[in-house]
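Single-structure report; data block below.
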Amino acid sequence: MFALKLPPLRDRLEDIPMLVEYFIRRFARHLDRPKSTVQTTALAQLEQYNWPGNVRELEHLIQRAVLVCRDDRIEVEDLALESVSEAIHSPRQIQQQLMPFTAYQQWLANQEKQYLEQVLEKTNGLVYGEGGAAQLLDVHPEKLRARLRKYGLRRSN
């Protein structure tokens with residue numbers, strides 16, 4: 001066995017279009033949706049972002065975009081990046097943009113709740129089984145149920 005060292009995504013911006021295409025195909029197939037296309041402006045913004053979360057951040061972002069896009073076209077609004085053009089590039093910018101940790105926790109919880117609401121909407125409230133939210137998110141159904149209870153979300157029947 002040997003380790004492969006890859007530079008971070010921010011150092012390989014030319015890989016972004018290929019990775020976006022791969023993730024779109026993968027999630028479209030997994031979600032049983034038509035393959036989406038990415039608007040040129042959305043792709044340009046992805047290439048401008050600093051990617052502190054590396055490839056995993058891109059993967060999650062594309063998964064969400066495939067779920068929420070309309071007319072099978074991923075637009076800038078579907079990317080859920082507050083301001084990609086203002087991506088963080090230096091420790092000084094990070095310091096200037098930091099919010100208190102408790103505010104960050106509240107913001108993060110709100111984002112998770114909204115995401116779970118969208119997933120439940122996509123699955124018509126189905127949590128368990130084939131085509132359910134747990135399968136869609138690739139998470140154990142009981143773990144998902146605990147998250148839904150945490151946010152007071154219920155199946156919509």
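Rule-based calculations on the coordinates, nothing more; no lab input. In this text, all values refer to a predicted model and were calculated from it rather than measured experimentally. Heads up, the Cβs are rebuilt from the backbone with ideal geometry, glycines too, and the neighbour counts pull from every protein chain shown.
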Exercise for the section: Mind putting together the pair-distance distribution for the stretch 99-157? All Cα pairs, 10 Å bins, whole percent per bin, short to long. Expected result: 24, 52, 18, 6, 0
Practice task
Report, in debye and to the nearest 20, how large the dipole of the chain comes out about its Cα centre when Lys and Arg carry +1 and Asp and Glu carry -1 on their Cβ.
Solution key: 640
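Restricting to DSSP H runs of at least four residues, report the calculated mean residue ellipticity at 222 nm for the chain, -39500 (n - 2.57) per run over all residues, nearest 500 deg cm²/dmol. List each step's numbers first, then the result.
Working: 7 runs with 83 residues, N = 157.
My calculation for the chain gives -16500 deg cm²/dmol from helical runs alone.
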Handout entry: Correct choice for percent of Cα pairs over 20 Å apart that was computed from the model, options (1) 57; (2) 67; (3) 43
Key = (1)
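For the chain, how many pairs of lysine residues have a Cα-Cα distance under 27 Å, where the two are 8 or more positions apart or belong to different chains?
On the way: LYS35/LYS113; LYS35/LYS122; LYS113/LYS122; LYS113/LYS143; LYS113/LYS150; LYS122/LYS143; LYS122/LYS150.
For the chain, qualifying lysine pairs total 7.
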Problem - HN-Hα J in Hz across the stretch 124-137 - Karplus 6.51, -1.76, 1.60, θ = phi - 60°, x for Gly and Pro - result: 6, x, 6, 9, 9, x, 4, x, x, 4, 4, 5, 4, 8
Completion exercise
Residues whose built amide H sits under 5 Å from the amide H of ILE74, excluding neighbours closer than 5 in sequence, are THR37, VAL38, GLN39
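Per 0.36 nm of contour for each residue apart, how much would the distance between LEU4 and LEU108 grow if the chain were fully extended, relative to their Cα-Cα spacing?
Numbers: separation 104, 0.36 × 104 = 37.44 nm, distance 3.22 nm.
Length gained between LEU4 and LEU108: 34.2 nm.
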Exercise for the section: Pick out which of TYR104, TYR49, TYR115 has the largest mean-square fluctuation in a Gaussian network model of the chain, springs linking Cα atoms closer than 10 Å. Expected result: TYR104
Handout entry: Inter-centroid distance (Cα atoms) of the stretch 1-62 relative to the stretch 63-77, Å
Key = 14
Handout entry: ASP72 versus LYS122: modelled label distance in nm, points set 7 Å from Cα along the beta carbon direction
Key = 1.6
Fill in the blank from the handout: Stokes-Einstein, Kirkwood over Cα pairs, the stretch 8-82, 10 °C, 1.306 mPa s; D in µm²/s equals 131
